[in-house]
Amino acid sequence: MMNSLTSTRAITAPIGLAALLATTCLAARPALAADAPAAGSTALAEIVVTAEKRSENIQKVPMSIQAIDTKKLDQLNVTNFQDYVKFIPSIQFQTFAPSSTIIYMRGVADGGNGNHSGPLPSVGTYLDELPITTILGTLDVHIYDIARVEVLPGPQGTLYGASSEAGTMRIITNKPDTSGLYGAIDLEGNTVDHGSEGFVTEGFINVPVTDHIAFRLVAFDEHDSGYINNVYGQRAFVQCGAEVAYYCNGTPGPVTSVINNADSVKKHFNPVDTFGGRLAAKFDLGDNWTIEPQVISQDMRASGIFGYNPAVGDLEVNRFQPDSEHDRWIQAGLTINGKIGKYDLTYAGGYFNRKINSLEDYTDYSVAYDQYYGSGVNWQDANGNPLAHPQQEIVGNDRFEKGSNEIRLASPATDRFRFIVGLFQERQTHWIIQDYQIQGFSPTLAVPGWANTIWLTDQDRVDSDKAAFGEVSFDVTPKFTITGGLRYYGYNNSLYGFYGFSQAYDDMTGFGPGNSNVGITPTNPYGYGCIPGLSFRNAPCVDLDKAPSKGSGETHKINATYRITGDKLVYFTYSTGYRPGGVNRSGAFAPYQQDTLSNFEVGWKTSWFDRSLTWNGALYDEEWNKFQFAFLGPNSLTIVENAPSARILGVETNVDWRATEHLTLSAAGAINDAELSANFCGTDQTTGNLITNCPNSAALAQKGQQLAYTPKFNGNATARYTFPLFSWDGHAQAAVVYQSKRSPAVFTADIQNLGEMPGYATLDLSFGAQRGKTSFEIFAKNVTDERGQINRYTPCTTSVCAPSYPAGVGSNGIAYPGTPPAVYVVPIQPLTIGIRLGQKF
């Protein structure tokens with residue numbers, strides 16, 4: 001039935017959208033408005049950005065900015081995050097699935113586990129004027145009818161605030177236009193090697209109602225083929241023959257059961273279906289005031305997982321229960337622009353709502369903990385007997401709500417003395433449910449009120465901050481400008497609710513002290529104890545009500561710019577950023593404190609040969625002080641600590657050259673030497689306090705360790721050639737992307753258990769043509785089918801889940817199979833070949 005429905009959508013979705021747009025797109029107009037050079041000219045087109053909250057030519061802005069505009073997004077066949085991020089070398093990322101990605105910039109990467117109760121991101125993400133940063137990762141916004149993607153590496157704490165400690169990424173949509181009626185439709189069909197077929201259907205229409213009112217409607221529907229195969233496998237639950245200090249000593253006891261996944265075997269079991277749209281309006285109130293409301297929504301459904309297990313096979317896994325995710329979000333925003341005298345006033349406010357329902361097979365955890373600790377003997381049925389099928393599954397429900405407001409006043413950009421001042425407020429709530437279930441689990445041992453639940457997280461997280469900010473610039477001379485910025489901020493972050501086992505399970509296993517708050521240590525942080533008189537939603541009680549993490553302070557920026565000529569400038573910037581502190585769930589660990597980043601940067605923006613070549617770049621020295629680090633503690637509970645400092649020395653540069661009227665070359669690269677400045681010694685297991693000094697032999701990570709997910713080098717190069725093709729304008733393009741090896745963790749033991757991610761290179765090719773308003777494109781991504789690794793992870797503590805467990809015979813005479821290491825590799829998408837057809841109206 002699922003395959004039938006997908007097939008039907010593949011046929012009807014493009015036809016339906018085509019019919020809708022064809023009946024409304026009545027007037028002819030180019031869909032993309034760009035400042036293209038005149039025919040015969042080799043000057044590069046101008047890119048206008050709003051990184052400093054003013055519209056400016058990117059070559060005039062004295063800061064490092066990497067931008068991909070509408071035209072380039074189309075040329076690179078970009079539809080999602082991984083399509084464009086590979087062309088932005090300042091960005092590194094950690095990903096588990098399309099909607100579970102954490103962005104880093106310039107190597108400011110802790111490599112934490114991305115837990116719902118962990119630190120806030122260090123990179124802020126904005127959709128137009130509004131922040132869309134969430135704790136579980138960056139939204140994978142579908143890229144269509146997008147004006148540009150702007151990346152601002154380095155601290156942006158003056159104008160963008162808390163989650164822009166290491167940088168900011170902005171996705172800017174095309175706005176409604178009162179000048180005419182026009183639109184476009186684009187259809188794509190593709191096939192994935194090791195997978196099957198997919199499609200993308202996209203369209204937009206711009207409708208002016210009057211000279212002062214316009215609407216813009218965008219819609220898309222996408223099906224992406226899976227390429228991971230769930231193959232047959234077996235796992236065994238074996239009781240300990242002997243136990244020493246909670247650990248099995250390798251002597252097997254009786255075999256409880258041997259399970260298999262015969263009913264779950266499936267090829268290409270990780271397809272993704274995404275649809276959504278955008279409705280925007282523009283109301284011009286006279287010559288000086290504009291109101292722009294907008295609603296954007298996206299719905300993504302994914303099956304399976306996106307990592308494979310090399311111990312099982314290439315692009316293969318053994319999964320025993322369903323894996324799925326349904327992620328949908330909506331953002332409603334309002335932007336008002338106007339003038340008070342000569343000053344520009346801007347208000348941007350919005351409401352964001354995100355819901356995620358997920359299922360995750362937790363069999364790897366169940367088997368590993370059974371064989372490592374002998375935990376399976378405690379997973380009992382109603383009669384007190386060990387369950388025959390005690391594998392766990394996580395049922396997740398996440399609900400996000402975010403409200404934000406900003407108002408700012410800016411003087412004219414042409415003034416010798418100019419300024420921007422403003423106020424900002426943001427509040428995000430996250431209701432978290434993580435329900436760890438074992439089917440048939442004893443009602444006596446289950447969390448009260450939650451059938452089959454061995455562990456429950458049911459809590460509410462609130463992250464809020466307020467700020468007042470300002471930035472002033474003064475032209476000391478026509479060529480020399482100084483700029484200063486300051487942001488005063490305050491934050492208040494809290495966690496409240498329930499996490500843990502039931503009282504009965506605590507009492508039986510000794511994992512926690514039950515209903516008292518005594519005896520909690522870093523090695524035994526569970527069973528915090530119900531707090532009398534408190535309740536939370538459907539949780540059995542409240543055992544998490546710690547004081548909120550509050551703080552305040554300031555960040556600042558100083559910039560000096562010298563304009564050598566109208567086309568060349570150099571600058572120096574000193575800037576700082578911060579990330580708010582937060583609450584550790586475990587009663588044994590104190591709240592983690594805010595971390596800060598100091599950036600010293602020298603950069604340049606240059607244009608050459610009548611602006612046919614641009615060369616920009618920056619050298620930087622960044623000091624990351626007491627950075628927040630999340631890791632799995634005892635029983636895989638996430639703990640957050642302030643690690644020692646790290647230092648990042650780096651350079652980033654990009655070149656664009658229109659060598660002839662027909663040939664354009666582009667290249668960009670970054671080198672990052674991102675290392676710990678001191679040994680990471682961990683926490684005193686009796687007091688919970690951070691250990692500040694330790695010898696190398698005792699360090700969890702040694703001084704000089706490269707930070708996680710950060711290659712020493714990554715870069716890309718693109719060549720595009722245009723030519724006459726009969727009566728069409730033809731083009732051919734090649735793009736190469738390379739990055740060196742990276743580690744998926746900071747701790748030495750984790751790196752040893754997980755392994756490193758090797759360096760890799762990919763090649764994308766495309767060929768197409770355009771005539772009038774009709775176009776076609778044939779493309780191939782990852783031409784060599786490179787198995788580039790973008791993450792390595794285990795579902796639990798690496799010392800437990802990463803080892804293999806040998807086959808054997810239980811004390812009851814039953815033979816059992818070995819268990820392969822539960823180390824998963826998330827690859828880039830295999831070779832994908834497609835054709836794209838476009839029609840503008």
Practice task
Mind scanning Lys72/Lys626; Lys568/Lys781; Lys355/Lys773; Lys568/Lys741; Lys175/Lys402 and naming the pairs with a C-alpha gap bigger than 31 Å?
Solution key: Lys72/Lys626; Lys568/Lys781; Lys355/Lys773; Lys568/Lys741
Completion exercise
For the stretch 582-658, the Debye formula with one identical point scatterer on each Cα and no solvent gives log10 I(q)/I(0) at q = 0.13, 0.17, 0.23, 0.27 Å⁻¹ as -0.60, -0.74, -0.98, -1.13
Handout entry: Cα gyration tensor shape for the stretch 49-115, rounded if a/c is under 1.5, else prolate or oblate
Key = oblate
Fill in the blank from the handout: Any residue on another chain or 5+ positions along whose placed amide H is under 5 Å from the amide H of Gly581 is listed here as Gln594
Exercise for the section: Keeping the other protein chains in place, figure out the carbon and sulfur percent of the accessible area of the chain, with a 1.4 Å probe. Expected result: 58 percent
Problem - Where GluC sites (Glu not before Pro) fall in DSSP loop in the stretch 606-669, at most 13 other Cβ within 10 Å - result: Glu661
Exercise for the section: Give, in nm to one decimal, the length gained when the segment between Glu661 and Asp621 is fully stretched (0.36 nm per residue of separation minus the Cα-Cα distance). Expected result: 10.5 nm
Problem - Selection from Trp329, Phe352, Trp289, by position along the positive dipole direction of the stretch 242-374 (Cβ) - result: Trp289
Fill in the blank from the handout: Helix-only [θ] at 222 nm, the chain, -39500 (n - 2.57) per DSSP H run of 4+, per residue, nearest 500, equals -2000 deg cm²/dmol
Practice task
Please give the residues of the stretch 733-759, grouped as numeric ranges, whose backbone N is less than 14 Å from a label point set 7 Å along the Cα-to-Cβ vector of Ala717.
Solution key: 734-739
Exercise for the section: Provide, for q = 0.13, 0.15, 0.18, 0.23 Å⁻¹, the log10 of I(q)/I(0) from a solvent-free Debye sum over equal Cα point scatterers in the stretch 367-473. Expected result: -0.65, -0.75, -0.91, -1.13
Practice task
With a cut-off of at most 10 other beta carbons within 10 Å, and DSSP calling the residue loop, which chymotrypsin sites (Phe, Trp or Tyr not before Pro) in the stretch 651-748 qualify? Please list them.
Solution key: Phe726
Problem - Qualifying trypsin sites (Lys or Arg not before Pro) in the stretch 366-428, DSSP loop, other Cβ atoms within 10 Å at most 13 - result: Arg416
Exercise for the section: Might you tell me the accessible area per residue for the stretch 406-492, computed with a 1.4 Å probe and given in Å²? Expected result: 41 Å²
Exercise for the section: Please report the orientation-averaged projected area of the chain, defined via the convex hull of its C-alpha atoms, in nm². Expected result: 35.3 nm²
Fill in the blank from the handout: One checks the Cα atoms of the stretch 718-807 and finds Rg and Dmax, in Å, of 21.5, 68
Problem - Degrees separating the helix 363-373 axis from the principal Cα axis of the chain, which is the longest one - result: 40 degrees
Exercise for the section: Towards the positive end of the charge dipole of the stretch 367-470, with charges on Cβ (+1 Lys, Arg; -1 Asp, Glu), say which of Asn378, Ile432, Asn452 has the farthest Cα. Expected result: Ile432
Completion exercise
In degrees rounded to 10, the 0-90 angle between helix 2-24 Cα long axis and the longest Cα principal axis of the chain is 20 degrees
Problem - aspartates and glutamates with Cα under 17 Å of Lys550, excluding same-chain neighbours fewer than 8 positions away - result: Glu426, Asp460, Asp463, Asp465, Asp595, Glu641
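The values are calculated or read from the model by the stated rules, or taken from the named source; none is laboratory data. Being a predicted model, the structure only gives us computed values, none of them experimental. Note that we place each Cβ from the backbone using ideal geometry, even for glycine, and neighbour counts take in every protein chain shown. These area figures cover heavy atoms from the full protein model, side chains too; ligands, DNA and RNA do not enter into them. Shrake-Rupley method; radii C 1.70, N 1.55, O 1.52, S 1.80 Å.
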